[in-house]
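Here, each number is a calculation from the coordinates, and none is a lab measurement. A quick note: this is a predicted structure, and the numbers were derived from the prediction, not measured. Glycine also receives a Cβ, built like all others from the backbone with ideal geometry; neighbour counts cover every protein chain displayed.
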Amino acid sequence: MTTFQVPTLAQMTAEGKAPEVLFWVGCAGSFDDRAKKITKAMAKILHHTGISYAVLGTEEGCTGDPAKRAGNEFLFQMQAMMNIQVLNGYEVKHIVTTCPHCFNTLKNEYPELGGNYHVEHHSQFLNRLLKEGRLKIEGGSFKGKKITFHDPCYLGRANDEYEAPRALLEKLDVSLKEMRRCKQNGLCCGAGGSQMFKEAEKGTAEINHVRADEAMETGAEIVVAGCPFCNTMLTDGVKNREKEDQVQVLDLAEMIALAEDL
Amino acid sequence: MTYLPNILFIAALATAIAVFARKAGRIRKNIGLGKDTDRSDRPSDRLQNMLRVAFGQSKMQARPVAGALHFIVYVSFLIINIEVLEIIVDGIFGTHRAFAPFLGKAYAPIISAFEVLAVLTVIAVLIFWWRRNVSKLDRFHKPEMKGWAFTDANNILYIELVLMFAFLNMNALEANFSDAHHSFLISQYIAPLWSGASEWGLHFGERLFWWVHILGIFAFLNYLPYSKHFHIILAFPNTYYANLEAKGRFENNATVTKEVAMMMDPTADPFAAPAADTDAPIERFGAKDANDLSWANLLNAYTCTECGRCTSECPANLTGKKLSPRKIMMDTRDRIEEIGVNIAANGSFVDDGRSLLGDYITNEELWACTSCNACVQACPVDIDPLNIIMKLRNFATMEESSAPGALNAMMTNVENNGAPWPFNQMDRANWINE
């Protein structure tokens, strides 16, 4: 249980207040047990910085990303229009999310349908707060720890953001070991394009196992991801080698929350 | 009689250009079978992209060995074309080395530089041949590379070798003429091989290689439209008309937008008479066949030179799935060619009971894609296989309801409770108090 109040946009609006930023939690962040920890870590950071934020709570719905990637344009646009009505109704201007899929859809596919917001992935948002001096990170507990970063496809190749997550990690004084395939050449975790929700086609290996192996080959003690789906896939890949006692899979938000002892 | 070579040359030149133009026109027509898409925005960004990616080969260099070798062949091709221009002038007017008097002292160094490029090209081509046939790079030996695709790739290497061989020997023979005016950097070392020949033999050989070289170039020009090697031309328009938006942005279907807007409009009359234009053919959602794709998709397909960088980066292919982005492009090209032949034979398209999805691309390939954009990133000429895959999925899901069962279940959840899993919408904020 969070020890502080997480405000919903409905509450804030009722009090006549408008938050600086809307924290878009996403479906994984709301319902998946592992991803909920990422959501809580992000909420802790937001609370800690004292920034005025809110969540939509029960008024949030799937962005439609998995439906669109599964070919169902109709369902995608239904979801989009419903969300846009809610967001526009609250006059939301600025959104931050811990899910690169929500980030990509809100940022790139909503504007044409009438949803125009300044959308940031939490790595970009937190990095900006750092630069503006509104967030301070002391890298104490992770100093010198060997870690590697897995680029989520929908943050990296899809939106050309490779530096923000690395800039955050640098602040934590970790020793970043890049995988052979990283940044533009990063290998997918295997979850994108709605693969998260189905069995893989017949093949010789599982994509997430291959990617987790590549991450572990760097000798990293912590594999950092910036996406709840990548997190699940990589965690599964680490378990596949029975390395879960030696190798942790953490989100950027969790790294910062842990470093700050939040 | 003295004008016979000129006449023969002009006839060969005119035929080569006419036949090429005819075939190129057919390909242009085939590309035009695609649906319209607007790529007329941001002309200066487009030009820059073309200069950087096609002219400057920026994305080729992601793989340094192939990138460097390709750069040699590419530069050599561009520059040796100046020599070809001289050959054409000579051929038409019956001159010999028409540019020499104008260039004066600079002529020999320039031709020598061309010769150096020719030698470098021969080396690069031999290494390319080695990589394909001896060291057998994995990406050149995927299932879609059997048969014509493999033969075609080697044919191009052989043609290039013949052209360079003819060019160097033509100069080497001339160096042996009793009244030789020219001696060039590389061919002077080949010259002794021919020194035993008679004066007549030297002149005959020089003419022979001259003709082999130029007729070889004409033949090469006309081989291009039947070959993957057409990329040397289409890479330029393809990069100009490339998608410049963020790779994660998938286009929204405008027809669906209209329908959804109507559904969500409480004042809309569900029983209103349909609009007057009901004669318009009912538009298919997504793509079933190659002509349901956009012209940009089809231009992509004709531009593909089957290098396989996309496939070698594809997570599905890397883990043994059937999906190969290169095969998606080859299938699209082969199918639109088939449709083009059908139209040419029948006046308009006659249903042949075949389609891109089903007869060329299977559901197993289609559903293995993770939409990770690795193929798009890898393509040195900005081809986008993912866009085609998504259009095929649109058709499979919206028109045929043939998406994998697990995805249908996921979509039912999104529809009923706003999440891909069967959780209650009202439990969305439970994490706050857990």
Checklist outcome for this item: Expressed as a whole number, the average count of other chain Cβ atoms within 10 Å around the Cβ atoms of A:95-106 is 1
Checklist outcome for this item: Mean per-residue count of partner chain Cβ within 10 Å for B:23-30 equals 0
Checklist outcome for this item: Around B:Leu157 (Cβ within 13 Å, Cβ-to-Cβ, excluding B:Leu157; K/R +1, D/E -1) the net charge comes to +1
Checklist entry - Using a Förster distance of 51 Å, how high is the FRET efficiency between B:Ala406 and B:Trp200, based on the Cβ-Cβ distance and rounded to 0.05? => result 0.05
Checklist entry - Just the Cα atoms of the protein assembly as shown: what Rg and Dmax do they give in Å? => result 30.4, 104
Checklist outcome for this item: Once both label points are put 7 Å beyond Cα along the C-beta direction, the B:Met264-A:Ala18 separation in nm becomes 2.1
Checklist entry - Whole-Hz Karplus ³J(HN,Hα) for the stretch A:166-175, in order, using 6.51 cos²θ - 1.76 cosθ + 1.60 and θ = phi - 60°, x for Gly and Pro? => result 6, 5, 5, 5, 4, 5, 8, 6, 7, 9
Item to check | Local electrostatic count at B:Leu202 - Lys and Arg +1, Asp and Glu -1, tallied over other residues with Cβ under 14 Å | outcome: -3
Checklist entry - Percent relative contact order of the stretch B:284-422, based on C-alpha pairs within less than 8 angstrom and at least six residues apart? => result 32
Checklist entry - GNM on chain A, C-alpha springs below 10 Å: top fluctuator among A:Thr218, A:Thr98, A:Thr39? => result A:Thr218
Checklist entry - Which far-off residues, 5 or more places away or on another chain, put their amide H under 5 Å from the one on A:Ile95, with H placed in the peptide plane? => result A:Leu22, A:His118, A:Val119, A:Glu120
Checklist outcome for this item: If one builds a Gaussian network model of chain A from Cα atoms under 10 Å apart, the most fluctuating residue listed among A:Lys183, A:Lys68, A:Lys131 is A:Lys131
Checklist entry - Using 1/(1 + (r/R0)^6) with R0 = 35 angstrom and r between the beta carbons of B:Tyr158 and B:Ala108, what's the FRET efficiency to the nearest 0.05? => result 0.70
Item to check | Label-zone membership for the stretch B:376-390, site B:Ser58, 7 angstrom Cα→C-beta point, backbone N under 20 Å | outcome: B:376-385
Checklist entry - With +1 on each Lys and Arg Cβ and -1 on each Asp and Glu Cβ, how big is the dipole of the stretch A:9-130 about its Cα centre, in debye rounded to the nearest 20? => result 420
Next on the checklist: How shielded is B:255-267 by partner chains, expressed as the average number of their Cβ atoms within 10 Å of its Cβ atoms?
Outcome noted: 3
Checklist entry - Counting Lys and Arg as +1 and Asp and Glu as -1, each charge on the Cβ, what is the dipole of chain B about the Cα centre in debye, to the nearest 20? => result 1080
Checklist entry - In the stretch A:237-262, which residues have a backbone nitrogen under 15 Å from the label point lying 7 Å from A:Glu163's Cα in the Cα-to-Cβ direction? => result none
Checklist entry - How high is the FRET efficiency from B:Asp427 to A:Arg134, r the C-beta distance, R0 25 Å, rounded to 0.05? => result 0.15
Checklist entry - Want the number for B:Asn133 to B:Leu85: 0.36 nm per residue separation, take away the alpha-carbon distance, what's left? => result 13.9 nm
Next on the checklist: Along the charge dipole of the protein assembly as shown, pointing to its positive end and built from +1/-1 on Cβ of Lys, Arg, Asp and Glu, which listed residue (B:Thr332, B:Ile88, A:Met81) has its Cα farthest out?
Outcome noted: B:Ile88
Item to check | Magnitude of the charge dipole, the protein assembly as shown, Cβ model with Lys/Arg +1 and Asp/Glu -1, debye to 20 | outcome: 1440
Checklist entry - Along the charge dipole of the protein assembly as shown, which of A:Asn116, B:Gly201, B:Ala268 sits closest to the positive end, that is, farthest toward it, with unit charges on the beta carbon of Lys, Arg, Asp and Glu (+1, +1, -1, -1)? => result B:Gly201
